[in-house]
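Only one structure is covered here, and it is reproduced in the block below.
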Amino acid sequence: VYETPEWVERYSGGLLVIRYGYETFWGNRHKLGLIDTAGNTVVKPKFEDIGMFQNGIARVKLRNGKVGYINRKGEYVLRPKREY
């Protein structure tokens, strides 16, 4: 269950990268998502890492190691694939 973000990671491309914590059997973990400056969720927390936006596109990494690219709306520009 996600409630409020633990903290703001950074500001990028007009959006705030936010970190949400959650507990698992193996301990505490986190996921990153994006909110706008009004606090509205743009991308639900699901990424292990979100890079800086450049030309409206950011690199994202999932917990399973796959890497893809999203636009500022959180839509995939390039679907996640295994990073080699």
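The values are calculated or read from the model by the stated rules, or taken from the named source; none is laboratory data. Note that the structure is predicted; figures quoted are calculated from it, not measured. Reconstructed Cβ throughout: ideal geometry from the backbone, glycine too, with neighbour counts over all protein chains shown. Areas reflect the complete protein model, heavy atoms only, side chains present, ligands, DNA and RNA absent. Shrake-Rupley method; radii C 1.70, N 1.55, O 1.52, S 1.80 Å.
Going through segment 49-68 one residue at a time, which ones are part of a loop (DSSP other than H, G, I, E, B) and at pLDDT 90 or above? Matches in segment 49-68: Gly51, Met52, Phe53, Asn55, Gly56, Leu62. From the list Tyr84, Tyr2, Tyr20, the one residue that fits, being modelled with pLDDT under 90, among the aromatic types (Phe, Trp, Tyr), surrounded by 10 or more Cβ atoms within 10 Å (Cβ to Cβ) and not in a strand (DSSP E or B), is Tyr2. Residue selection: Asn71 fails the criterion of being at pLDDT below 90 and at negative phi. Among the residues of segment 63-80, the one identified as out of contact with any Leu (no Cβ under 6 Å at 6 or more places or on another chain), over 20 Å from Thr37 (Cβ atoms) and either surrounded by 15 or more Cβ atoms within 10 Å (Cβ to Cβ) or touching a residue at least 40 places away in the same chain (Cβ under 8 Å) (or both) is Val67.
Take the residues in segment 39-58 that are open to solvent by 80 Å² or more (accessible area, probe 1.4 Å) and more than 8 Å from the chain's Cα centre (by Cα); name whichever of them is farthest from Ile18 (Cα to Cα). Break it down into steps so the answer makes sense when it comes.
First, pick out the residues of segment 39-58 that are open to solvent by 80 Å² or more (accessible area, probe 1.4 Å): 40-41, 44, 46, 52, 54-55.
Then keep just the ones that are more than 8 Å from the chain's Cα centre (by Cα); that gives 40-41, 52, 54-55.
Working: Asn40: 12, Thr41: 10, Met52: 13, Gln54: 18, Asn55: 20 Å.
Across segment 39-58, the extreme among qualifying residues is Asn55.
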